[in-house]
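Please read the structure below before turning to the comments.
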Amino acid sequence: VLDAVWDLCLGSGCAACDRPGRLLCAGCAAALPTTAEVCFPTPCPPGLVPPTAVGPYDGALKRLVNAHKEEHQLALARCLGDLLAVSVTAHATSGPVALVPMPSRASVVRARGHDPLLRVARRAAGTLRAAGVPGRVHAALRASRAAADQAGLDAGARAANLAGSMGVRSGAARRLRRLTHGDPPARVLLVDDVVTTGATLREAQRALEEAGVTVAGAAVVAATRRRRDPSRA
Ligand SMILES: [Zn+2]
């Protein structure tokens, strides 16, 4: 009955496999990754902190990210947030974590009508706290100038496009610095839904480091597979 109600309300089926009924069917939910690993982009922006992801940006993960972001399937923030929490825990931290989401431009948030990453990050922080890891979201970054649309740009062009495009909100740097020197010290982790070239994460890292904030790593839901693994060729 519940499935039928969901179907009526949402007019949709499983966001990952189209099976009628729930927004995420039991089979797809059970098949979601439960571990994460470090996955540097290739090529990698010099000096990028280690990014972790639960899997490749492909298949069910790709469909879930896009259904949430572009099709306003907001209930998926729970599952994406839980996946992001898994990615965070791959940094093997039991102390406090400060999650810093990549900033969305105000115009993009207005156009979409929501800030999908912020919602996912908040869910992840809640899931971490429930698991005994003190986690909080710090929306410390802002897009200080409009970068062009990244789609279609290669790694070098993305980096050039983004250089200097982010700033740290006043007060946020001081708060984060205080947390990283606390007892126990917090680790600052950048969070995003997908890592592709790593240019966005690297720019965020640059902005925070210039503000005196030590960045320990990055956690994302999914990593774009950009070239065939040579060991499997
Ligand atoms: Zn499904």
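The values are calculated or read from the model by the stated rules, or taken from the named source; none is laboratory data. Just so we're clear, the structure is a prediction, and the values are computed from it rather than from any experiment. We place every Cβ from the backbone using ideal geometry, glycine too, and count neighbours over all the protein chains shown. Ligands, DNA and RNA are excluded from the accessible area calculation, which covers all protein heavy atoms including side chains. Shrake-Rupley method; radii C 1.70, N 1.55, O 1.52, S 1.80 Å.
Simple spin-label estimate for residue 130 and residue 44 gives 3.2 nm between the two label positions (7 Å along the Cα-to-Cβ direction from each Cα). Length gained on full extension, residue 31 to residue 114, computed as 0.36 nm times the residue gap minus the Cα-Cα distance: 27.1 nm.
Exposed loop sites are taken as GluC sites (Glu not before Pro) in a DSSP loop (any state but H, G, I, E or B) with at most 13 other beta carbon atoms within 10 Å; the longest stretch of the chain without one runs 72-233.
For the range 69-168, give the percent of accessible area contributed by carbon and sulfur heavy atoms, probe 1.4 Å, rounded to a whole number. C and S fraction of accessible area: 52 percent. For the range 97-200, the solvent-accessible area with a 1.4 angstrom probe is 48 square angstrom per residue. Helical runs (DSSP H, four residues minimum) scored at -39500 (n - 2.57) apiece and divided by the length of the chain put the mean residue ellipticity at 222 nm at -11500 deg cm²/dmol. Rounded to the nearest 20, the Cβ-based charge dipole of the chain about its Cα centre (Lys and Arg +1, Asp and Glu -1) stands at 540 debye. Of the residues 165, 170, ranked by 1.4 Å probe accessible area with the largest first, the sequence reads 170, 165.
Summed over all non-identical Cα pairs, the Kirkwood treatment of the chain gives a radius of 18.3 Å. Computed from point charges on the beta carbon alone (+1 for Lys and Arg, -1 for Asp and Glu), the dipole magnitude for the range 12-149 about its Cα centre is near 480 Debye. The 3J(HN,Hα) values that the Karplus relation (6.51, -1.76, 1.60; θ = phi - 60°) gives for the range 149-166 are, in residue order, 4, 7, 4, x, 8, 7, 4, x, 5, 5, 4, 5, 4, 8, 3, x, 8, 10 Hz. Gly and Pro appear as x.
Spin-label pair residue 18-residue 169: with each label point 7 Å from Cα along the Cα-Cβ axis, the two points sit 4.1 nm from one another. For a Förster distance of 45 Å, can you work out the FRET efficiency between the beta-carbons of residue 181 and residue 154, rounded to the nearest 0.05? The calculated FRET efficiency here is 0.70.
Under the definition of Cα pairs under 8 Å and six or more residues apart, what whole-number percent is the relative contact order of the range 14-161? Relative contact order here is 21 percent.
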